[in-house]
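J.: Sharing a structure below in structure tokens format, with a few things to ask.
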Amino acid sequence: MKFNYAFQKVVDLKASEKNHAEMKLSSALGELQAEEQTLSRLFSDKDSLVDSIQSETVNAVSALQLQQMQDYINYIDQCIFQKRQDIQTAQVKVEEKKEHLTTKMLDEKVWMQARGKALESFQKEEMLREQNELDEMATVRFVARAR
């Protein structure tokens, strides 16, 4: 006889929800990584611009050009500040997705354990049934030989 768990669709649903939560966490981690890469690029742009300004001051550069470069550095600083806020937001999102995934994993584990217990019970009942059949066959043979 085949084991048929009455709540198999619930178990499947919980597994699907867990997989969905894993994908959302993966997506949130990807977004966080992209934000961090953007921040890294902003820092390298700022460093190269500062190096450029320092090398330009050795050469004859107009005050207007220096002011424009300084304005651009200020703009990059604002972008860095904004990007840090974006990273914090992305980190909070990642933590929320982790908590959500943990909840879904626990749900799935509970249902899988319930299924496991039901399977174990089924197997015990199946073994008992088979044993009873074997006992009955042995009794029939014994009675047949006794005649």
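J.: Which of M69, M23 comes first, and how do the rest follow, when ranked by fewest Cβ neighbours within 10 Å?
T.: M23, M69
J.: Volume per residue, Å³, of the convex hull around the alpha-carbon atoms of region 95-147?
T.: Expressed per residue, the convex hull around the Cα atoms of region 95-147 is 31 Å³.
J.: Distances longer than 19 Å among the Cα atoms of region 45-109: what percent of all pairs is that?
T.: 57 percent
J.: Would you list which aspartates and glutamates come within 14 Å of K24, measuring only between C-alpha atoms, while excluding same-chain residues fewer than 8 positions from it?
T.: Hits, sequence-local ones excluded: E95, E96, E99.
J.: A follow-up question, please. FRET efficiency for H20 and S48, Cβ-Cβ distance as r, R0 = 41 Å, nearest 0.05?
T.: Efficiency, from the Cβ-Cβ distance: 0.45.
J.: If you take the C-alpha gyration tensor of the chain, multiply each eigenvalue by 5 and take the square root, what semi-axes do you get, largest first, in whole Å?
T.: Computed over the chain, the values are 75, 13, 8 Å.
J.: Which pairs break 19 Å Cα to Cα here: K97/K117; K9/K124; K18/K109?
T.: K97/K117; K9/K124, as the Cα separations exceed 19 Å there.
J.: Restricting to Cα pairs below 8 Å that are 6+ residues apart, what does the relative contact order work out to for the chain? Please round to a whole percent.
T.: Relative contact order here is 47 percent.
J.: Suppose every K and R has +1 on its Cβ and every D and E has -1 on its Cβ; what is the size of the dipole of the chain about the Cα centre, in Debye to the nearest 20?
T.: Using only the charged Cβ atoms, the result is roughly 1180 debye.
J.: Separate question: If you find the alpha carbon centre of region 1-30 and of region 76-136, how far apart are they in angstrom?
T.: Comparing the Cα centres of region 1-30 and region 76-136, I get a distance of 8 Å.
J.: So which trypsin sites (Lys or Arg not before Pro) in region 2-48 are both in a DSSP loop and have at most 10 other Cβ atoms within 10 Å of their Cβ?
T.: When the trypsin sites (Lys or Arg not before Pro) of region 2-48 are filtered for loop state and at most 10 Cβ neighbours within 10 Å, K2 remain.
J.: Here is a follow-up. Considering only S40, L66, I53, whose Cα is most displaced toward the positive end of the charge dipole of region 8-115, charges sitting on Cβ of Lys, Arg (+1) and Asp, Glu (-1)?
T.: Of S40, L66, I53, it is S40.
Only the coordinates and a few stated rules stand behind these numbers; no lab work does. As the structure is a computational prediction, the values presented were derived from the model and not from experiment. Ideal geometry is used to build each Cβ from the backbone, glycine not excepted, and the neighbour counts take in all protein chains shown.
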